[in-house]
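Here the structure comes first, spelled out in structure tokens, and everything after it is commentary.
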Amino acid sequence: MKKRQFLRRLGQVALVTPFLPLSLNAQDDLSSLPYALDEEEFWLRIRKDYCLKPDYINLENGYYNFIPQPTMEKYIEHLKMVNYEASYYMRTDQWDNKARVRDRLAKLVGTTSEELIITRNTTESLDLIIGGYPWEKGDEAIFAKQDYGAMKDHFQLMSKKYGIINKVVSIPNHPESDEEIVSLYEAQITSRTKLMMVCHMVNITGQILPIRKLSNMAHTYGVEVLVDGAHCIGHFDVNLKELQCDYYGSSLHKWLSVPLGSGMLYVAKEKITKIWPLFADYNDATKEIQRLNHTGTIPVHTDLAIDDAIDYLELIGVNRKEKRLRYLQKYWSDQLREVKYINVNTPKEIERSCGIANVGIAHINPKDLAKNLLDEFKIFTVAIDYANVKGCRITPNVYTTKKELDVFVNAMKTLAQRV
């Protein structure tokens, strides 16, 4: 559906559903509203698009950014249509629709459909590269202690299977400069190093790494770069060509708010043929990226919902969303950075984080902190206790209010005083 049609439909739905009491139609120029503290009215309007469970304040949107009602309604329509047309749809329109959605997704992330496929999640995307890389015994890979466990596990599997050597760095929670980060990885590179995996945004702290600088450094040694961008697409503006990496995976059911089971993988065109597919394709000789995307029968209605999620993102504006998420994070984290016994495990510099941050209390282990926040203050978070990070990951979303974050800040101050 085209954006103008989507906005018109949004305005129609607003007349009949309690989730959309205000009219948003093709004539509304929401993106032109200035970003300022008095913009709260806009975000309160966006909040009405979300069906929120009243039992707790949800500050754990990182695992799954559940979908707003306009996207949900379109998703249900897609499900009904696929179920109605059944095998006819699967044997006819399925492929053209997936290609159309893939084209639009590629434009969103600054690449072309020749270098992008739709997957189910970041783990699948990155493990396709780790498992499909043409490893030889003695080859070296580099990744960080703070990387996501599933990918680290897959590198360990490749060590057992092929005899590769894994070299692990540790990312400081508060780096002094980009060069400090780059030098950590550079110090591990040898003539046997083939692949370096780096997080665009570290999932446990929200720290944003300098991907372009890391890619440029690695390429001077002939090392390829695999980027974990699980939390980035739909969170802030991502341009893959500018990042200069070789491979990039993301989960679209996170910050783009696509229904569960949607991800993407970017592979630089010249790298496509070197990666072994996970599942054999009928046309093994092809040089196209689809050779890596043979998945069998999947919930194709989810693919269609990517289009609607992009509509909703464009309705808000990706830059406007980025500013809001960064503002919300700074709103609570800056209030806690100087509080006794409280440790914010995310860099203070504005360019080094966005909507995600991590905070702990010195005398409370993360598991107990998360439990206390939920049981006593009705705030849902997730505990993190590994890789030099001890605290709770805090992930507001576009529907989160400052009033809710005030509750969280006061809860943290209260708990910190209980020595």
Subject >> Unique residue being under 18 Å from the mean Cα position of the chain (by Cα), at pLDDT 95 or above, assigned to a helix (DSSP H, G or I) and surrounded by 23 or more Cβ atoms within 10 Å (Cβ to Cβ) when the list is ALA309, ALA230, ALA218 >> reply: ALA309
**OP:** Assess whether ALA383 counts as being in contact with an Asp or Glu (Cβ under 9 Å, 6 or more places away or on another chain) and in a helix (DSSP H, G or I).
**Re:** no
Original post:
If you go through segment 364-419 one residue at a time, how many are farther than 15 Å from TYR56 by Cα and of a type in the set (Gly, Ala, Ser)?
Top reply: 4
**OP:** For segment 47-74, name all the residues that are under 20 Å from the mean Cα position of the chain (by Cα), crowded, with 18+ Cβ neighbours inside 10 Å and of a type outside the set (S, T, N, Q).
**Re:** TYR50, LEU59, GLU60, GLY62, PHE66, ILE67, PRO68, MET72
**OP:** Return the pairs, sorted by first residue and then second, in which the second residue is modelled with pLDDT under 95 and surrounded by fewer than 16 Cβ atoms within 10 Å (Cβ to Cβ), the first residue lies in segment 317-339 and is farther than 17 Å from LEU59 by Cα, the beta carbons are less than 6 Å apart, and the residues are 6+ apart or on different chains.
**Re:** GLY317/SER31; LYS323/TYR35
Original post:
When segment 354-380 is examined, which residues are found to be out of contact with any strand residue (DSSP E or B) (no Cβ under 6 Å at 6 or more places or on another chain) and either in a helix (DSSP H, G or I) or among the hydroxyl-bearing types (Ser, Thr, Tyr) (or both)?
Top reply: ASP368, LYS371, ASN372, ASP375, GLU376, PHE377
**OP:** Determine if segment 173-196 includes at least one residue that is hydroxyl-bearing (Ser, Thr, Tyr) and closer than 20 Å to ASP385 by Cα.
**Re:** no
Original post:
Does segment 133-150 contain at least one residue that is assigned by TED's automatic domain parsing to the domain that holds PRO259, farther than 18 Å from LYS254 by Cβ and assigned to a helix (DSSP H, G or I)?
Top reply: no
Original post:
Where residues in segment 260-304 are touching a Pro at 6+ places or on another chain (Cβ under 9 Å) and hydrophobic (A, V, I, L, M, F, W, C), which of them is surrounded by the fewest Cβ atoms within 10 Å (Cβ to Cβ)?
Top reply: TRP276
Subject >> Subset of segment 163-179 [assigned to a loop (DSSP other than H, G, I, E, B) and under 23 Å from the mean Cα position of the chain (by Cα)] >> reply: SER170, ILE171, PRO172, ASN173, HIS174, PRO175
Subject >> Tally, over segment 140-151, of residues that are free of Cβ contacts under 8 Å to residues at least 40 places away in the same chain and within 18 Å of VAL223 (Cβ to Cβ) >> reply: 0
Subject >> Residue that is under 19 Å from the mean Cα position of the chain (by Cα) and surrounded by fewer than 16 Cβ atoms within 10 Å (Cβ to Cβ), where the choices are ILE394, ILE350 >> reply: ILE350
Original post:
What number of residues within segment 277-291 are among the β-branched types (Val, Ile, Thr) and more than 15 Å from LEU128 (Cβ to Cβ)?
Top reply: 1
Original post:
What tally of residues in segment 90-106 results from selecting those that are free of Cβ contacts under 8 Å to residues at least 12 places away in the same chain and over 17 Å from the mean Cα position of the chain (by Cα)?
Top reply: 6
Original post:
Among the candidates VAL258, VAL223, which residue alone is in contact with a helix residue (DSSP H, G or I) (Cβ under 7 Å, 6 or more places away or on another chain), assigned by TED's automatic domain parsing to the domain that holds LYS152, more than 23 Å from TYR386 (Cβ to Cβ) and in contact (Cβ under 8 Å) with a residue 24 or more places away in the chain?
Top reply: VAL258
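The values are calculated or read from the model by the stated rules, or taken from the named source; none is laboratory data. The structure displayed is predicted, hence computed values, not measured ones. As a convention, Cβ positions derive from the backbone with ideal geometry for all residues, glycine included, and neighbour counts pool all protein chains shown.
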